[in-house]
Amino acid sequence: GLNVDAIMQSIRPIADIALVGDTQLGETADVVTNIMTAYRKNPSQMRNVADVMTMTFTKSNTTLMEMAEAYKYSAALLSAGGISFEEASGALGVLGDAGIKGSQAGTTMRTIMANIVNPTKKQLKKWDEIGVERIGADGQVRPLRAIFEDLAKSNLYVSDFYQLFHKTAAQGAVSLANSVDKWNEIVTQNFLSDGLASQLADKKKNTI
């Protein structure tokens, strides 16, 4: 679905991430471009997307294809909610460390985002009860990490997470709250990942 100029911008980053992630080139091109479309990224950002995904799956217990499957279920909603690609990818890495991967991770992130943006009356009452703000002073959804940092400090029980995020996403929400430090670490590295996919691909090619 890309024009010639977009292909010229994209072919090296896609080849690099395919090599690093041990995935087929055609399949990699398919899933990465799908993610970019859902996350409203343009072809000039292909290299950045490849670098962020490479950093995430090398820093956590997930793979390129598991991230792609997760984003199939959640990318459009996360993007519409103003969640940066670096932060969302970091969340998928943390969930992967907890064994929540692929479609389960995507459904978890989609449900978490939906319940934060559009809570039921019961959920809204629970948010007020625990005193964690969902919306910032600018009227926009606060960064997910900031919300989960507050949740981690609130000494919540499992039942509280079930009330906030329902059974679909409660396990993932607990994992994110318990691993905010790791999440912050991955996100910081994601913002500093410029050129990583190319560097790792060159190292991998420099062998017998």
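The values are calculated or read from the model by the stated rules, or taken from the named source; none is laboratory data. What you see is a predicted model, and the numbers here were worked out from it, not measured in a lab. Counting neighbours? That spans all protein chains shown, and the Cβs are built from the backbone with ideal geometry, glycine included. Ligands, DNA and RNA are excluded from the accessible area calculation, which covers all protein heavy atoms including side chains. Shrake-Rupley method; radii C 1.70, N 1.55, O 1.52, S 1.80 Å.
Match the structure shown to one of the listed values (1) 58, 34, 27; (2) 66, 32, 32; (3) 73, 41, 36 of Cα extents along the principal axes in Å, computed from it, and give that label.
Answer label, from the structure shown: (1).
Points 7 angstrom from Cα along the Cβ direction at LYS203 and LYS72: gap in nanometres?
Placing both labels 7 Å beyond Cα along the Cβ direction yields 3.0 nm.
Heavy-atom accessible area per residue, segment 29-143, 1.4 Å probe: how many Å²? Please list the in-between numbers first.
On the way: 4910 Å² over 115 residues.
Value returned for segment 29-143: 43 Å² of accessible area per residue.
Quick one: order GLU86, GLU27 from most to least accessible surface, probe 1.4 Å. Please report the intermediate quantities before stating the final value.
Details: GLU86 20, GLU27 95 Å².
The ranking, largest first, comes out as GLU27, GLU86.
So what does log10 I(q)/I(0) come out to for segment 56-104 at q = 0.15, 0.30 Å⁻¹, using the Debye formula with one equal point on every Cα and no solvent?
Results for segment 56-104 at q = 0.15, 0.30 Å⁻¹ read -0.32, -1.16.
For a quick check of understanding: with a 1.4 angstrom probe and all protein chains in place, what accessible area in square angstrom does TYR39 have, to the nearest ten?
10 Å²
Tell me, what % of the accessible area of the chain is carbon and sulfur with a 1.4 angstrom probe?
Details: 5210 of 10410 Å².
It is 50 percent, rounded to a whole number.
Taking the simple approach of a point 7 Å from Cα along Cα-to-Cβ for both ALA146 and ARG40, what is their distance in nm?
For the pair ALA146/ARG40, the computed spacing is 1.9 nm.
For the chain, what's the relative contact order in percent, using C-alpha pairs closer than 8 Å and at least 6 residues apart? Please list the in-between numbers first.
Values: 265 pairs, mean separation 55.4, N = 208.
Computed over the chain, the figure is 27 percent.
Once each part is reduced to its C-alpha centroid, what is the distance from segment 106-145 to segment 166-202 in angstrom?
20 Å
Using alpha carbon coordinates only, what is the Rg to Rh ratio of segment 46-154, with Rh defined as the Kirkwood radius?
Rounded to two decimals, Rg/Rh equals 0.99.
On average over all directions, what projected area in square nanometres does segment 93-155 have, based on the convex hull of its Cα atoms?
On the way: hull surface 19.7 nm².
Reported value for the Cα convex hull: 4.9 nm².
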